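Worksheet: the structure to be examined is printed underneath.
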Amino acid sequence: MDPTLCVLGIDAADYALVKEWGCSNLQLSNHSQLSTFSDGIDLPATLEVWPTIATGVPPDEHGIHLHAENRSRWGKSAAIQANRLLPDTVQNSLRKLYQRVQNPQPPQTQHSHAFHTGSIKNWPGLTPCFEWETEGNWFRSINSGNMNGQEFIRQALGNAGSGIGWLAGQDTAGVSVAGVHIHILDHVGHLYADRPNKLRSVYDAIDRLVGWLKKKVDKLLIVSDHGMQTTETDDRKPGVHSWRAMISSTESGDLPKSVFDVREWIEQHTVTTESHSEPQTDVAAPREHLEDLGYL
Ligand SMILES: [Zn+2]
């Protein structure tokens, strides 16, 4: 069976920090800085760059704009302000309703993309992002004093491990190409941009997880959408996105120069053969029994 091309998207993995801290697994055997872009704000934005990485086109063509998402969040905060005038029990019920109705999954593009022959998970602008949303809720819990930083890191590393393990599972399943996005380095970058030792410990943890993944899969591409300004890199605005996106691969040869080139590279390195076609699976157990169990 031809090997799966596994694409690990690591939000905010900063090329300078990966090199400075000697994260050798993250650098794979072939690595470079990746040119990225800004559109809705003056720095690269997660929600706009990830769909560009997968589709190869700018926001005007894939249709996912940061400003549209911002407007819905502003709408939510205005509604919550009005809610404060109501009794507590009504406030709580409405707050839960707002979380479901006003905090929807990020928008998804209809544009063609690099993963149409394979699998994709938790990719902003392409799929539902339950893991990203859950991690975002934990992040907001820190700001409201309901979670401490250590607990956040523990939970977020579990989330990252799930994504990395999912890639190994897709490789085992023999799909042609699989892509997953993990968000931990963005969140901890915003939290610990001025405490490099803390931030480094999380880079080291992700580096170890990628070291595990390298032993499980044959073809791996790692890509980020932007980096993070930190005191370690003497940046002017620690905790704000940087332009230092990165790309690395187990494959030799030229790497994409910009986020707009990644789709073409993925398609050139994806092998789609008969062995990757969907297997026909039959349900062998009696239907009545499955209905009794509640499976059907
Ligand atoms: Zn990002």
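Please work out which residue is nearest to the ligand (Cβ to nearest atom), limiting yourself to the range 31-68 and to residues that are open to solvent by 20 Å² or more (accessible area, probe 1.4 Å) and touching a Gly at 6+ places or on another chain (Cβ under 8 Å).
Of everything passing the filter in the range 31-68, 66 is nearest to the ligand (Cβ to nearest atom).
This table checks each residue for (1) touching a residue at least 24 places away in the same chain (Cβ under 8 Å); (2) assigned by TED's automatic domain parsing to the domain that holds residue 157; (3) not charged (D, E, K, R).
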site	(1), (2), (3)
11	yes, yes, no
18	yes, yes, yes
22	no, yes, yes
28	yes, yes, yes
42	no, yes, no
45	yes, yes, yes
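How about the range 214-237: which of its residues are away from the ligand (no atom under 16 Å from the Cβ) and either buried (at least 19 other Cβ atoms within 10 Å of the Cβ) or not assigned by TED's automatic domain parsing to the domain that holds residue 160 (or both)?
217, 220, 221, 232
For the range 1-106, which helices (runs of 4 or more DSSP H) that fit wholly inside it have 3 or more residues that are modelled with pLDDT of 95 or more? Don't jump to the end; show me each part of the working.
Numbers: elements: 15-20, 24-27, 46-55, 59-62, 66-83, 88-101.
Of the helices (runs of 4 or more DSSP H) lying wholly inside the range 1-106, those with at least 3 residues that are modelled with pLDDT of 95 or more span 15-20, 24-27, 46-55, 59-62.
Go through the range 167-201 and give me each residue that's away from the ligand (no atom under 15 Å from the Cβ) and of a type in the set (A, V, I, L, M, F, W, C).
167, 168, 173, 175, 177, 178, 199
So in the range 176-226, with the set limited to residues that are in contact with a helix residue (DSSP H, G or I) (Cβ under 9 Å, 6 or more places away or on another chain) and of a type in the set (Asp, Glu), which one is farthest from residue 122 (Cα to Cα)?
For the range 176-226, the residue satisfying everything is 218.
Determine whether residue 167 is within 21 Å of residue 122 (Cβ to Cβ), in contact with a Cys (Cβ under 9 Å, 6 or more places away or on another chain) and either in a strand (DSSP E or B) or without any contact (Cβ under 8 Å) to a residue 24 or more places away in the chain (or both). Step through it out loud before you land on a result.
On the way: within 21 Å of residue 122 (Cβ to Cβ): yes; in contact with a Cys (Cβ under 9 Å, 6 or more places away or on another chain): yes; either in a strand (DSSP E or B) or without any contact (Cβ under 8 Å) to a residue 24 or more places away in the chain (or both): no.
Answer is no for this residue.
Being open to solvent by 50 Å² or more (accessible area, probe 1.4 Å) and within 24 Å of residue 67 (Cβ to Cβ) is the filter; apply it to the range 131-154 and report the residue that is nearest to the chain's Cα centre (by Cα).
Taking the candidates together, the pick is 137.
Taking residue 163 as meeting all but one of (1) within 16 Å of the ligand (Cβ to nearest atom); (2) loosely packed, with under 14 Cβ neighbours inside 10 Å; (3) not aromatic (Phe, Trp, Tyr), write down the number of the exception.
(2)
The values are calculated or read from the model by the stated rules, or taken from the named source; none is laboratory data. All values derive from a computational prediction rather than experimental measurement. Counting neighbours? That spans all protein chains shown, and the Cβs are built from the backbone with ideal geometry, glycine included. Accessible surface areas use protein heavy atoms only, side chains included; no ligands, DNA or RNA. Shrake-Rupley method; radii C 1.70, N 1.55, O 1.52, S 1.80 Å.
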